[in-house]
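The values are calculated or read from the model by the stated rules, or taken from the named source; none is laboratory data. What you are looking at is a predicted structure, and each value in this text was computed from that prediction instead of being measured. Glycine also receives a Cβ, built like all others from the backbone with ideal geometry; neighbour counts cover every protein chain displayed.
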Amino acid sequence: MSHSQRKLGVFPAFHKVDGRTVVVVGGGEEAAAKVRLLAETKAKIVVYAESLDTRTGADLIAAHGEWRGTQPSSADLAGAALVFAATGSEDSDREIRSLSKSAGVPVNVVDRPELCDFFTPALVNRAPLAVAVGSEGVAPVLSRHVRARIEGLLAPAFGDLAGLADRLRDRVTRSLRRVTDRRRFWARFFSGSVAENVFAGRLGEAEGEALRMLEIEPNLAGHVSLVGAGPGSEDLLTLRAQRALQEADVIVYDRLVPEAIVAQGRRDARRIHVGKAKGNHSRSQSDINSLLVSEARSGNRVVRLKSGDPLVYGRAGEEMAALRSAGISFDVVPGITAAFAAAAESEIPLTLRDTSSSLVFATGHDTDGETLPSWAGLALGGTTVIVYMGRSVAAKVAARLIEAGLDASTPVAVVENASRADRTAFAGRLDELGGIASRPELTGPVLIIIGEVVAAGIIEAEPTALSALAA
């Protein structure tokens with residue numbers, strides 16, 4: 001199942017417990033664990049148990065909680081924010097669950113996910129910032145492992161940064177009337193010099209810098225980021241690309257960018273599809289250029305999301321020229337181009353000592369529609385050649401190269417949908433390459449690798465796959 005198809009059986013949310021009663025029923029280690037967890041909140045903790053273990057009692061005292069030496073009634077639970085049933089006895093826990101339900105209070109039954117109204121997550125506490133990691137109660141140990149990793153990523157000062165943001169929130173709202181202005185301010189607040197000062201322990205300087213930013217923020221113009229989405233797999237998207245998507249007001253994306261990657265942008269960002277396919281251009285490049293300029297002039301942060309790398313057959317040069325001409329600020333976020341993904345999956349070294357010391361990226365057509373007008377001679381010197389968008393011209397590519405003198409037995413690899421779940425790959429000889437064009441199931445983007453380095457790789461396909469087609 002793909003990431004975009006996975007569905008949660010729970011809706012993650014945070015319960016308000018500040019000043020409210022949270023009940024724990026039980027006096028053993030299970031109850032003590034819940035008391036320790038609740039001690040990280042501002043809840044009023046009440047434990048019901050006929051007796052308490054020494055550890056539970058010590059934890060309850062440390063948490064400034066109350067102990068009531070009886071079993072609770074439904075009336076005792078009424079008005080509580082949450083109830084934890086942690087008696088260690090299934091029958092007793094079921095009884096507490098029944099009482100909680102009759103009192104209308106959500107209940108968690110320890111180690112019995114089928115009886116729970118909610119689950120307790122593994123918690124990373126950087127108050128007022130909190131990160132909760134859950135697994136719907138089925139893998140709590142995994143949740144704790146994930147929490148440990150997040151603990152290492154989030155310095156304790158993140159709490160100070162969140163606290164400063166809370167103190168400034170009302171002032172920011174008064175000063176910046178537009179939602180987009182506030183969003184841009186907070187993006188810079190959490191990733192720029194303010195955050196750097198907080199993490200260095202300079203809280204006064206951090207607040208001063210935030211106030212200076214607040215004065216200039218309404219005057220900031222829009223910005224465009226030309227972002228490489230990579231070859232298609234979500235985990236090949238760069239961290240910088242993810243950050244740009246999260247800060248974008250508008251996402252302008254191509255046909256080959258998967259929905260799962262577009263979805264990593266903010267949910268309220270506008271999404272504009274400008275996909276182009278061969279012979280079917282939904283928008284001209286001129287229209288796209290004008291769109292980017294218009295959106296940025298409206299004060300928006302725009303992400304122009306392109307498959308692979310923006311600077312490799314991504315028309316980024318034309319877009320950068322249009323933005324420069326219009327005086328719009330922009331940056332380029334590189335992505336993993338399809339050639340690297342295809343080679344990595346097929347274990348093909350694109351350069352190899354004594355075999356190929358140079359690498360050429362080419363496309364099947366030039367601007368006049370001619371096939372391979374100039375680079376055929378490069379392949380003769382041992383250069384590895386990678387042809388993008390080569391499916392429909394595969395036969396012409398092979399004919400031109402053989403005509404130029406390249407050995408017909410030169411190894412080739414053909415990869416469709418590099419890095420994606422529906423990837424297919426074939427290996428063969430140069431004189432077999434034309435068989436690709438007649439293969440109807442090859443409907444995705446195809447990339448061709450030509451050179452002796454292919455023989456050093458492993459292609460997950462029948463070795464004679466192309467030979468059979470050519471015959």
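Within segment 237-252, can one find any residue that is in the same structural domain as Asp331 (by TED's automatic domain parsing), within 22 Å of the chain's Cα centre (by Cα), over 30 Å from Arg423 (Cβ atoms) and not in a loop (DSSP other than H, G, I, E, B)? Explain how you work it out, then say what you get.
Of segment 237-252, the ones in the same structural domain as Asp331 (by TED's automatic domain parsing) are 237-252.
Narrowing further to those that are within 22 Å of the chain's Cα centre (by Cα): 237-252.
Checking the rest, the ones that are also over 30 Å from Arg423 (Cβ atoms) come to 247, 249-250.
Filter once more, keeping what is not in a loop (DSSP other than H, G, I, E, B): 247, 250.
Yes, some residue in segment 237-252 is in the same structural domain as Asp331 (by TED's automatic domain parsing), within 22 Å of the chain's Cα centre (by Cα), over 30 Å from Arg423 (Cβ atoms) and not in a loop (DSSP other than H, G, I, E, B).
Screening segment 216-235 for residues that are more than 17 Å from Gly265 (Cβ to Cβ) and touching a residue at least 12 places away in the same chain (Cβ under 8 Å) and picking the one that is farthest from the chain's Cα centre (by Cα) gives Pro218.
Counting only residues that are over 17 Å from Thr337 (Cα atoms) and modelled with pLDDT of 90 or more, how many does segment 431-449 have? Show your work before the answer.
Our first condition is that a residue be over 17 Å from Thr337 (Cα atoms); within segment 431-449, this holds for 431-443.
Filter again for modelled with pLDDT of 90 or more, leaving none.
Number of matching residues: 0.
Across segment 13-56, the qualifying residues are those that are touching a residue at least 12 places away in the same chain (Cβ under 8 Å), more than 39 Å from the chain's Cα centre (by Cα) and not in a loop (DSSP other than H, G, I, E, B), and the one among them that is surrounded by the fewest Cβ atoms within 10 Å (Cβ to Cβ) is Arg55.
Among the residues of segment 99-133, what is the count of those that are more than 30 Å from Phe199 (Cα to Cα), charged (D, E, K, R) and within 33 Å of the chain's Cα centre (by Cα)? So that I can check it myself, show each step before the final result.
Going through segment 99-133, the residues more than 30 Å from Phe199 (Cα to Cα) turn out to be 99-119.
Now narrow it down to the ones that are charged (D, E, K, R): 101, 111-112, 114, 117.
The next check asks that each one be within 33 Å of the chain's Cα centre (by Cα); those that pass are 111-112, 114, 117.
Of the residues in that region, 4 qualify.
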